[in-house]
Amino acid sequence: MEISKTYDPSISEDKWYKKWLSEGLFKSQPDDRESYTIVIPPPNVTGVLHMGHMLNNTIQDVLVRRARMFGKNACWVPGTDHASIATEAKVVQKLRKEGIKKGDLSREEFLKHAWDWTEKHGGVILSQLKKLGASCDWDRTSFTMDKDYYDSVLKVFCDLHDKGLIYRGERMINWDPSAKTALSDEEVFYKEVNSKLYYVRYKVDGSDDEWIQVATTRPETILGDTAICINPKDHRYSHLKGKKAVVPLINRTIPIIFDEYVDMEFGTGCLKITPAHDPNDYELGKKHNLEVINILDASGKLNKNAQLHIGEDRFDVRKSISVELEESGYLIKMEDHINKIGFSERTDAVIEPRLSLQWFCSMKELSIPALDNVMNDTVQFHPSKFKNTYRHWMENIRDWCISRQLWWGHQIPAYFYGEGKDDFVVAPTKELALEKLNKSSDTKYSINDLKQDEDVMDTWFSSWIWPIAVFNGFSGDKKELDYYFPTNDLVTAPEIMFFWVARMIISGYEYENKPPFKNVYFTGIVRDQLGRKMSKSLGNSPDPLDLIKKYGADGVRVGMLLSSPAGNDLLFDSSLCEQGRNFTNKVWNSFRLISSWTVSEEIEQAESSIVALKWIESKISENIDKINASYDKFRISEALMITYKTIWDDYCSWFLEMIKPDYQQPIDVLTYNSVVNILEILLKIVHPFTPFIAEEIWQQLKNRNNTYIVNAQWPKDLIKESLILEEFNHFQETVMSLRNLRKENNISNKVVLDLKIKVNNSWSKSFDTLLIKLCNLSTLEFCENTINGSYSFIVNNNEFFVPFTDTIDVEAESINIKIEIEKKKSFLESVLKKLNNSRFVENAPKNVVDLELKKKDDAAKQINILEERLKNLNS
């Protein structure tokens, strides 16, 4: 078969991915093999592939493909998340463009639009992952709103409620005025913003000229003030105990209270208390039995309780009320101020603390096994530095607000039957709720007496059971769960350590008394060359599919992993993908080279070929040990780099040069077959990183009888001889020295040279024939004395001489030797400096000191050799 001059990834990728799917190579069912399981971090159902997905899923695919080659029953479960807030926002936006308001629709009507949207746009990201080469078991694709999954989420809610771990209560929560829903603490991110600090004075009630000053960043909340608070140790205000103040603009009288919570040094030492709009004020309000006045509606506009600016946005009111305060004589001054503000992780809206009746999950008791089993490495974090962050969060965990004021999601299975806030029953279905209610009540209720809670659960409340639910772990038949669970490795980003990773570990121990996975590999964030996180809004993120089209999927995969060690951010540049493409081209060209050789059964195998094969087998064996060790430590980029260098340097740059036949000459069949076997081994180790080109060459190399590299066995039990590896290092240094000698002296590679070797140290003759071949030598002879009138260099304390021809410049060679002597003397000086340092000699490990002593002896010998050489050259 004719081999194309260039590798075309677009043809190869489509061809082989379809073949892999049609052959069912990624499918998994429980059997007697050891399982290897990864569950995909489910992307938003309506999302599209971005650079973070590319990095994350490339790593997952590398791990899964390698496990498959170890003979394990590899199962990579794909799926998507319904993403309540994000998806509902997109549907509302779409309806608005069509002139439809969400409020004009019933829940059922809105959900029909949401499902239509999901079916139209959902799953795009999964089809994009196929372009990357993701070897998922696509028959197992899960969606968090699938019927079975939905039922699992409801079962968990009901179970935790029955255990007393889910409760309903009024708390100060994080409110997103844009999405009009509550958020958990983990869904709020804080950033520093430039704002103003307003100094406002409140008149002391009953006084004509006494005022109290407060400092606030939120003057609009003055309309909801219900107290002024002062530290009891602050003697400036001790005379105000028992008195009241008057709220500016609305003239409401409020008490002056005293509490050590107030920082006497901040601002004026007086604090306005607005229990409805600040979590700390709320706690003080409960402690001092203060009135709670909520002045904001769900969208962040002032309501009738504010008395002023009703229906206006909170930020508009902030501007206008500061003017009114100034004009009325209440505003004393304004100062620039930097403070941290909470923003919605989903909508980027400024969070509003809001007193609200919500559903909560009690986390303190649940989290204990999840903390213990990460700290004792039952679940291992890679890199381990994230354990400290995890521990801090788990030790300070707060109850989880799990209700959301949305329609798209898992509707809370609580059914109300009366007017009281506690008149409800929790059950998976309305029918079961009615049965449960009638068993516990003297009153007999009908199905129409029950009304289900309008709220849905936090999206993370469904995805925290992902590793269990995708294997039907909450159904009666646990055959699959028993086989695949715990899963092996989770690959995810550190920013969702608390949203998702910690909670999955919690649910794993709660429901299976096992960790959901054994290892967590934290990727870094993909950033541009300026260090900014890649995002569409910044316009600094390339389209991954465009990259694949330009560089090929294998090129992009290699490019993404070349510089992305676990937990460290990746500074991405498209040149990385270009390097990846160049690598695949190198692999292809090496295949074309050996395929172009004429094979002969008539000629004998050359001694040089035997040595070259012995070396490359040992070298690959040594490198595979290093690759396996890197994988075991989850140093995936390191494993790639060793693989890369094995192919580019050891195989292409050295081995093929050592083995290739002379121009228009055949190669013997024994050597050729061995070369093919070597290439097969290399294709196996590179396959997890570059599956498409590996399969393409694998199939073209020989008839495979409908077998694929996907299921080929990972190389093992290769022969490794340490002695030949050491001998090659000396040979390699000799070749490079001869090549440098030609370059420095403008001697063409076509010019045949003589080489004389004066052995002062050990010298193996194993590579002599290869030295003659690679360096274009006419003779290689050994001598006992220095050869005058020649170039020289030293390798391993052995002296090498290339006799001058008539055109040789003796003076130039003399200068080169002098420069080399100075370099060696400088090196010796640095070594002696270390050895003359008593602290180094006394404290450094013995092997380190011994190494320095050897460096000293070697350098001294080499200086003597060079000086003797210089003397003979000028004699």
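Overview of values
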item	result
Residue within region 195-217 that is among the β-branched types (Val, Ile, Thr), at pLDDT below 95, open to solvent by 10 Å² or more (accessible area, probe 1.4 Å) and closer than 30 Å to ALA89 by Cβ present	yes
Subset of region 1-24 that is free of Cβ contacts under 8 Å to residues at least 24 places away in the same chain and assigned to a loop (DSSP other than H, G, I, E, B) - its residue that is most open to solvent (accessible area, probe 1.4 Å)	GLU2
Test: residue in region 136-156 that is over 30 Å from GLY24 (Cα atoms), of a type in the set (Gly, Ala, Ser) and more than 27 Å from the chain's Cα centre (by Cα)	no
Qualifying residue in region 378-385 (condition: at pLDDT 95 or above, open to solvent by less than 30 Å² (accessible area, probe 1.4 Å), among the aromatic types (Phe, Trp, Tyr) and closer than 20 Å to MET504 by Cβ)	yes
Residues of region 406-438 classified as open to solvent by 50 Å² or more (accessible area, probe 1.4 Å), at pLDDT 95 or above and within 15 Å of ARG168 (Cα to Cα), total	0
Considering residues of region 840-857 that are open to solvent by less than 40 Å² (accessible area, probe 1.4 Å) and either of a type outside the set (D, E, K, R) or in contact (Cβ under 8 Å) with a residue 40 or more places away in the chain (or both) only, the residue farthest from ASN798 (Cα to Cα)	ALA844
Leading residue by the ranking (nearest to the chain's Cα centre (by Cα)) among those in region 41-60 that are closer than 20 Å to ASP632 by Cα and β-branched (Val, Ile, Thr)	ILE59
Positions within region 569-578 being without any contact (Cβ under 8 Å) to a residue 60 or more places away in the chain and out of contact with any helix residue (DSSP H, G or I) (no Cβ under 6 Å at 6 or more places or on another chain), in sequence order	ASP569, LEU571, ASP573, SER574, SER575, GLU578
Where GLU34 falls short, out of the listed (1) open to solvent by less than 30 Å² (accessible area, probe 1.4 Å); (2) more than 14 Å from the chain's Cα centre (by Cα)	(1)
Residues being aromatic (Phe, Trp, Tyr) and within 30 Å of VAL520 (Cβ to Cβ) - total across region 566-620	2
Region 682-703 residues that are free of Cβ contacts under 8 Å to residues at least 60 places away in the same chain and open to solvent by 10 Å² or more (accessible area, probe 1.4 Å), paired with ones that are of a type in the set (A, V, I, L, M) and not in a loop (DSSP other than H, G, I, E, B) (beta carbon under 6 Å, 6 or more apart)	TRP698/LEU683; TRP698/ILE709
Hits in region 742-783 (condition: hydroxyl-bearing (Ser, Thr, Tyr) and farther than 18 Å from GLU726 by Cβ)	SER748, THR769, SER778, THR779
ALA493 being of a type in the set (A, V, I, L, M, F, W, C), crowded, with 22+ Cβ neighbours inside 10 Å, under 14 Å from PRO42 (Cβ atoms) and touching a helix residue (DSSP H, G or I) at 6+ places or on another chain (Cβ under 8 Å)	no
Test result for ASN488, more than 19 Å from TYR149 (Cβ to Cβ), modelled with pLDDT of 95 or more, touching a Ser or Thr at 6+ places or on another chain (Cβ under 6 Å) and open to solvent by 10 Å² or more (accessible area, probe 1.4 Å)	yes
Region 748-774, residues that are surrounded by 18 or more Cβ atoms within 10 Å (Cβ to Cβ) and either out of contact with any strand residue (DSSP E or B) (no Cβ under 7 Å at 6 or more places or on another chain) or in contact (Cβ under 8 Å) with a residue 60 or more places away in the chain (or both)	SER766, PHE767, THR769, LEU770, LYS773, LEU774
Condition met for LEU355 (within 13 Å of ALA182 (Cβ to Cβ) and either open to solvent by 30 Å² or more (accessible area, probe 1.4 Å) or not in a loop (DSSP other than H, G, I, E, B) (or both))	yes
Scan of region 33-47 for residues that are over 18 Å from ALA114 (Cβ atoms) and out of contact with any helix residue (DSSP H, G or I) (no Cβ under 6 Å at 6 or more places or on another chain), ordered by number	ARG33, GLU34, ILE40, PRO41
Enumeration of residues in region 233-249 that are β-branched (Val, Ile, Thr) and surrounded by fewer than 20 Cβ atoms within 10 Å (Cβ to Cβ)	VAL246
Test: residue in region 312-320 that is of a type outside the set (Lys, Arg), in contact with a Leu (Cβ under 7 Å, 6 or more places away or on another chain) and open to solvent by 20 Å² or more (accessible area, probe 1.4 Å)	yes
Close pairs (6 angstrom Cβ cut-off, 6 or more residues apart or separate chains): in a helix (DSSP H, G or I) in region 860-871, polar (S, T, N, Q) and surrounded by 20 or more Cβ atoms within 10 Å (Cβ to Cβ) anywhere	ARG869/SER792
Region 131-182 - residue that is within 30 Å of MET51 (Cβ to Cβ) and of a type in the set (Lys, Arg) and, of those, surrounded by the fewest Cβ atoms within 10 Å (Cβ to Cβ)	LYS131
Matching strands (runs of 3 or more DSSP E) fully within region 772-833 where at least 1 residues are within 16 Å of ASN864 (Cβ to Cβ)	790-795, 798-803
Complete set of residues in region 626-647 that are surrounded by fewer than 16 Cβ atoms within 10 Å (Cβ to Cβ) and under 17 Å from GLU680 (Cα atoms)	LYS645
Single match in ASP668, ASP662 (criterion: acidic (Asp, Glu), within 29 Å of VAL735 (Cβ to Cβ) and touching a strand residue (DSSP E or B) at 6+ places or on another chain (Cβ under 8 Å))	ASP668
Residue check, LYS27 farther than 15 Å from ARG68 by Cα, modelled with pLDDT of 95 or more and open to solvent by 40 Å² or more (accessible area, probe 1.4 Å)	no
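Listed here are the residues, each with its yes/no results for (1) touching a helix residue (DSSP H, G or I) at 6+ places or on another chain (Cβ under 8 Å); (2) open to solvent by less than 30 Å² (accessible area, probe 1.4 Å); (3) under 18 Å from GLU187 (Cβ atoms).
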site	(1), (2), (3)
ILE368	no, no, no
ASN376	no, no, no
THR389	yes, no, yes
HIS392	no, no, no
GLU395	yes, no, no
ARG404	yes, yes, yes
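A quick yes/no check of all residues on (1) modelled with pLDDT under 95; (2) open to solvent by less than 50 Å² (accessible area, probe 1.4 Å):
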site: ILE257; (1), (2): no, yes
site: GLU260; (1), (2): yes, no
site: PHE266; (1), (2): yes, no
site: THR274; (1), (2): no, yes
site: PRO279; (1), (2): yes, no
site: GLU283; (1), (2): yes, no
site: ALA298; (1), (2): yes, yes
site: ASN305; (1), (2): no, no
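The values are calculated or read from the model by the stated rules, or taken from the named source; none is laboratory data. Nothing here was measured: the structure is a model prediction, and the numbers come from that model. Neighbour counts are summed over all protein chains in view; Cβ atoms, including those assigned to glycine, are modelled from backbone coordinates with ideal geometry. For the accessible areas, the whole protein counts, side chains as well, though only heavy atoms, and no ligand, DNA or RNA atoms are used. Shrake-Rupley method; radii C 1.70, N 1.55, O 1.52, S 1.80 Å.
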